Amino acid sequence: MIRRFEQRMRVRDADHGVVYRNNAEFCGWPFVSGFWTTAQGHHVVAFMKKPSTYREASEVNHDEVALVGPQMVTLRSRDGGYTWDPNSMRLLFDLSADQNAMFAKARTDYADMPRIDFTNRDVLVASGGTPDYFRPHSRAWIRVSTDGGDSWRPPLLAPNLGWPSLSGHASALVRPDGVSLVFLTAVGADGWGRRPVVYASVDDGTYWTFLSVITSKHDDGAADGDRNVPLRFGPHRYFYPRGITLPDGRILLSLRCQRDPTSLLWTEIFQSDDGGLTWRFLSRVNDWGAPGDLVRLADGRIACVYGYRLAPFGVRVRYSEDDGRSWGREWVLRDDGGSWDLGYPRVAEIAPGKLMCVYYMNTKDDPIQLNGGVRHIARSVFSAE
């Protein structure tokens, strides 16, 4: 039997906990906010948070949540993700501020600052979108920490270079030659076409500029279907690129695809054999579930962790034993979600064979319910099956 079609099983030793919860806030989306492991082995997660009373449906509607932007903040764990220091919270980006004023005299480079050694594990690269993701007027920003996330340089605006719009989503890696690659999503002038693109650092992090497009022009991610819905809820293809580097220099990249972001979405894998210059389709990870975060384990397997937005709602994981060409059975990490509004995980191996992932969650047994429970940041520590 092809292993991907073996009967799904439940992860046997998952330990679930709360990273951050406030009953008066909507918290979400670590996948597009940031997740790093520092030189000291600390884990730093970024997520968005915004006040919410959980009384009106608009308070959990993603268009409304983003209309007046949330704050993007970071938290730190010093023990492999089991506990998170509430006193470590830092503001990474204030999406509630006046974005036009913020970027009226925006930096486009770090030419007047020290050059950056991206191989240093205390160098963290963040990226995001302003004033909102995937809009015809969106701009991508990039921000760097050189001290493991204790402080951050001012944000740069990535140059559009002919793209009508760019959005960032906390996706970066370091090539073996020390070049930083930042993965972004370019959006067409009407907001419906999406193409994942790669930007690369120049002159040791002085600035980033365009390197390549991941998908071909004839498959540009244009929504194929009903456009009488908000842009965020359309049937888009190919966005949220997230990459990892294999020991031989190849790059694996996950992409999110969707017909309906509240239910029907899945994860596909692309590969580059030449440092991100060209790309090809490699595999589809799952039937449903996206976006998917990747990590290479000490034993050589690749894990892909993703939110699952069909009932029973939760978080799931699959493993590849052949560098992403095929995927084994599906493992259920948890399925106690109160609605589809969860997921966006990030994952790390904290010890050989032991994984920790962070994601946003709501639970069906939460006493506070508004299309699911309070949206909070959760974590799971578990053994790779």
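Every number in this text was worked out from the coordinates using simple rules, so none of it is lab data. Since we're looking at a predicted model, the values are computed, not measured. Counting neighbours? That spans all protein chains shown, and the Cβs are built from the backbone with ideal geometry, glycine included.
A few notes on this one:
- Distance between modelled label sites at residue 351 and residue 61, nm, 7 Å Cα→Cβ extension: 4.7
- Take the Cβ atoms of residue 190 and residue 91, set R0 to 25 Å, and the FRET efficiency comes out at 0.15.
- Taking Cα centre as origin and charging only the Cβ of basic (Lys, Arg, +1) and acidic (Asp, Glu, -1) residues, the dipole magnitude of the chain rounds to 340 debye.
- Distance from the Cα centroid of region 160-187 to that of region 99-159 is 11 Å (rounded to whole angstrom).
- Length-normalised contact order of region 297-345 in % [C-alpha pairs under 8 Å, at least 6 apart]: 40
- With contacts taken as Cα pairs under 8 Å at a separation of at least 6 residues, region 3-383 carries a relative contact order of 17 percent.
- Expected 222 nm ellipticity per residue - DSSP helices of 4 or more, -39500 (n - 2.57), all of the chain, to 500: -500 deg cm²/dmol
- Additional length obtainable on full extension of the chain from residue 121 to residue 98, 0.36 nm per residue less Cα span: 5.0 nm
- Shape of region 3-383, Cα gyration tensor, a/c cut at 1.5: rounded
- Region 292-385, relative contact order [Cα under 8 Å, separation at least 6], %: 23
- Residue 310-residue 209 FRET efficiency (beta carbon distance; Förster radius 30 Å; 0.05 resolution): 0.15
- With a Förster radius of 30 Å applied to the C-beta separation of residue 369 and residue 83, the computed FRET efficiency comes to 0.65.
- Euclidean distance between Cα centres, region 46-88 to region 330-385, Å: 15
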